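In what follows, a single structure is set out as structure tokens and then discussed.
The values are calculated or read from the model by the stated rules, or taken from the named source; none is laboratory data. Just so it is clear, the model here is predicted, and its values are computed rather than measured. Glycine gets a Cβ as well: all are built from the backbone with ideal geometry, and neighbour counts include every protein chain shown. Ligands, DNA and RNA are excluded from the accessible area calculation, which covers all protein heavy atoms including side chains. Shrake-Rupley method; radii C 1.70, N 1.55, O 1.52, S 1.80 Å.
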Amino acid sequence: MYSILIVDDREIFRRQFKRFSIFKNNSEFEIKYEAQNGEEALEILQNNDVDLTITDIRMPIMDGLQLLEEIKSRNLCRCVVLLSEYADFSYARQGIVLGAFDYIVKPIDEEKLSELLDRTKIFLSGNAGDSFTVSRAQAEKAAQLIMSNDNYAEKMCGDIADSIIKARDNRLAVIDTLNSFLNMLREEIFLKREYLASLINGDEVFSFDYAEEDDICGKFTERIRVISKEVNKFNVNTKNEIVRSVCNCILNNVGKNISLQRMSELHFVNKAYLSHLFSQEVGMSFVDYVNKVKIEYAKCRLAAADVKIYEIASELEYSNTEYFSKVFKQYTGYTPSAYRQEFGKV
């Protein structure tokens, strides 16, 4: 049986945590120790064998990150999991850098806790081997990092790839597992940014096939970099709520003819003011941004061999195919038919 130390300054949380049914139904884990801050936890760890420490990040006297550093420097516990609020994501990420096994977000979902304990058991038993699997929780964390345009996503995914490589005994198994992870990553990102499903070629972007065994990890990290670039290419670096709202309207209504006049009416601002504000904040005109989004949609549609060019023009509400082709070439350097021949399915 694996022993658990739960560290949180709120007694009511510790009581609720111990009541999770998983600790009644799972005989392999037992909450044997409790502490209300890092100092108390260190004293327990120095005098007892603890397999898993689950600690809150924000605590008085000694917080969870300080506790984690002490545990790692003194080798007091093999596995440390952090508890955090959504607002503490940057701290949780820092904890992973310092050597935390994982983190869970409050309020705790018992299903995710169960999945975490399953992975913890594999880690503690030292039997990663064939039992090693990538998890939805890992994909969810990676998706959050990517959508935040955080470079740490590359390191995290590189570490995941390295673990997969060590756990699998042949290249095909490694590639299959990496693609399973990418598929979950795709689902998590598209769930939170639905418009991306029609603006990036998911089949191409979220796939990995690399033949050289000695550099799989490096090439996979490059793939994550490409994914991050694609996911964030429509991001607008502005704190202006009106501009962000207008961009979201465009992204979520790519097949509709959204005009500057209509956007100004919806946001209760003068048309000329919105035009100037949008150009200033986005770095391109309203019309250019709309066309950029539409062209990205068209590029995805052109990847399919069974859709006609005039149908794409109609979907995007261009007045005619000739005008659509002119705009497409202006933004890509290719006519739609030439682009399809070069990059699409034939």
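Residue 338 is checked against (1) assigned to a helix (DSSP H, G or I); (2) out of contact with any Ser or Thr (no Cβ under 7 Å at 6 or more places or on another chain); (3) closer than 25 Å to residue 197 by Cβ and fails just one. What number does that condition carry?
Condition not satisfied by residue 338: (3).
Report, by residue number, each residue of the stretch 291-341 that is open to solvent by 40 Å² or more (accessible area, probe 1.4 Å) and of a type in the set (Asp, Glu).
Matches in the stretch 291-341: 306, 311, 315, 317, 322.
Given the structure, is residue 23 at pLDDT below 90, closer than 21 Å to residue 109 by Cα and of a type outside the set (Gly, Ala, Ser)?
For residue 23, the condition - at pLDDT below 90, closer than 21 Å to residue 109 by Cα and of a type outside the set (Gly, Ala, Ser) - is met.
Please determine whether any residue of the stretch 63-85 is surrounded by fewer than 17 Cβ atoms within 10 Å (Cβ to Cβ) and at pLDDT below 85.
yes
Can you pull out the residues in the stretch 89-133 that are at pLDDT below 75, touching a helix residue (DSSP H, G or I) at 6+ places or on another chain (Cβ under 6 Å) and of a type in the set (S, T, N, Q)?
Of everything in the stretch 89-133, just one residue is at pLDDT below 75, touching a helix residue (DSSP H, G or I) at 6+ places or on another chain (Cβ under 6 Å) and of a type in the set (S, T, N, Q), namely 131.
Do the conditions hold for residue 5, that is, is it modelled with pLDDT under 95 and within 23 Å of residue 94 (Cβ to Cβ)?
Criteria not met by residue 5.
Tell me, which helices (runs of 4 or more DSSP H) wholly within the stretch 211-322 include 3 or more residues that are basic (Lys, Arg)?
In the stretch 211-322, the matching helices (runs of 4 or more DSSP H) lie at 216-231, 286-302.
Taking the stretch 40-61 as the region of interest, how many residues are surrounded by fewer than 18 Cβ atoms within 10 Å (Cβ to Cβ), closer than 20 Å to residue 92 by Cα and over 29 Å from the mean Cα position of the chain (by Cα)?
Summing the residues that are surrounded by fewer than 18 Cβ atoms within 10 Å (Cβ to Cβ), closer than 20 Å to residue 92 by Cα and over 29 Å from the mean Cα position of the chain (by Cα) in the stretch 40-61 gives 2.
Which pairs have Cβ atoms under 9 Å, sit 6 or more apart or on different chains, and link a residue in the stretch 18-43 that is over 14 Å from residue 6 (Cβ atoms) to one that is surrounded by 15 or more Cβ atoms within 10 Å (Cβ to Cβ) and of a type in the set (Asp, Glu)?
Close Cβ pairs satisfying both conditions: 42/70.
Looking at the stretch 255-267, I want the residues that are among the hydroxyl-bearing types (Ser, Thr, Tyr) and have a partner that is in a helix (DSSP H, G or I) and surrounded by 13 or more Cβ atoms within 10 Å (Cβ to Cβ) with Cβ atoms under 6 Å, at least 6 apart or on another chain. Which pairs are those?
264/271; 264/274
Take the residues in the stretch 249-290 that are open to solvent by 20 Å² or more (accessible area, probe 1.4 Å) and aromatic (Phe, Trp, Tyr), then tell me which one is farthest from residue 238 (Cα to Cα).
268
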